[in-house]
Amino acid sequence: MERKICKDDDELIWFAVSNICDEIGNMWNPTVSVVMHGKSLVMLMNMENPYADGWLKEKVIEPIRKNIWQFCGAQIQVVIGDTAEDMSMLPLVFQNMDVYEQYFLLIGKDVITYEEIAARQEKNVDYPAGKEELYLACFASGKQQEADRLCRELIEEAAGYSFNYFSNAINHMLYSIWNIFFRNEKDMDMIEINQRSVLKRIQQCSTVEEIIEEFLSLNRFMAEYAEKKNSEKKQKTFDAMILKTDGLIEDQFGDVNLNIQYIADEMQMSAAYLGRVYNKAKGKSITEAITARRMEEACRLLKTDITVQEIAIQSGFSSTTYFYRLFKKYFGMTPNAYRMSEK
């Protein structure tokens, strides 16, 4: 019958599990069992004992782990290494247990040896700053697949060294990502909250692959964030272009030389590009907008006693003949007919 640890009796059960593991383990090897932060139990078994081989793992360690898990859902992890020779060494053993626990994540096994830990601790390595810069460059430029590949490589390579190196590498990558995407943000409190949230999720991962998936998820989030920011920036630029174009039309519609090329030159950009942006935003061309404003002014002046010839000039038309022709096309009547209809 399976029985999972519940909130009310978890401390008692952890204590019992620890004692059981010690008693069984000490039948074969000097064993110390320690409950780690109330979420798992680490057994340290002396590797110098002749029984510390494949047979011991298969016949003793694995049955302990399996049965404890089935009974109360407790996770048992085992380090095969040196235990305390006397009571004076126990504080050091307990201190090392925290270190040992970290390497289960890196090595990816629930039964590891001290040699595996020591081998990683003894490696010397310089942080691959060049590869990280390439990763961030791909990230920032939208090359998602390449960024994901480099991200995975950086984390997998870091996992081959000491836990301190791995932890520092992860924190460095996170800091670099945040520095690139949020260095110009104003809401720093919200940024810090999000950063802590990501870091907390990474700290809760139990395997290197889970950490990689967290980073890949972060990559996707940041890509969407960057796309949103770029879109907002483009929209602000477009809005400013439209506003300036409309302003120039309003200020200079009476100038016969006002046209799309004149406005584009004023704004130092291509007439074709400006025309596309304006048309998309307003649903009409710049030429149509200029003509509409000139016609509006002409209609206003036709309600006065100013001559049609003078109205054509003040409204920005190149000739009275062109004004007559365009006005009739626009309103279905001549300027004089319009003037009469308004009286």
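Might you let me know whether segment 118-127 holds any residue that is more than 30 Å from Trp69 (Cα to Cα), polar (S, T, N, Q), at pLDDT 85 or above and touching a helix residue (DSSP H, G or I) at 6+ places or on another chain (Cβ under 9 Å)? Among the residues of segment 118-127, not one is more than 30 Å from Trp69 (Cα to Cα), polar (S, T, N, Q), at pLDDT 85 or above and touching a helix residue (DSSP H, G or I) at 6+ places or on another chain (Cβ under 9 Å), which makes the answer no. Residues in segment 9-16: is at least one at pLDDT below 65 and over 27 Å from Cys205 (Cβ atoms)? Yes, segment 9-16 has at least one match.
Just to check your reading of the model, which residue among Asn257, Asn230 is within 30 Å of Ser315 (Cβ to Cβ) and loosely packed, with under 15 Cβ neighbours inside 10 Å? If you could, list the steps in order and put the result at the bottom.
On the way: Asn230 fails: within 30 Å of Ser315 (Cβ to Cβ).
The match here is Asn257.
Considering segment 132-152 alone, what residues qualify as being at pLDDT 85 or above and exposed (fewer than 14 other Cβ atoms within 10 Å of the Cβ)?
Start the filter on segment 132-152 by keeping residues that are at pLDDT 85 or above, which leaves 132-138, 143-152.
Scanning segment 132-152 gives Glu133, Gln145, Arg149.
So which residues in segment 275-305 are of a type in the set (A, V, I, L, M, F, W, C) and crowded, with 16+ Cβ neighbours inside 10 Å, if there are any at all? Reasoning before the result, please.
The initial filter retains those residues of segment 275-305 that are of a type in the set (A, V, I, L, M, F, W, C), namely 277, 281, 286, 289-290, 292, 295, 298-299, 301-302.
Residues satisfying the conditions are Val277, Ile286, Ala289, Ile290, Met295, Ala298, Cys299, Leu301, Leu302.
The values are calculated or read from the model by the stated rules, or taken from the named source; none is laboratory data. All of these numbers come straight from a predicted model, not from anything done at the bench. Virtual Cβ from ideal backbone geometry, glycine too; neighbours counted across all protein chains shown.
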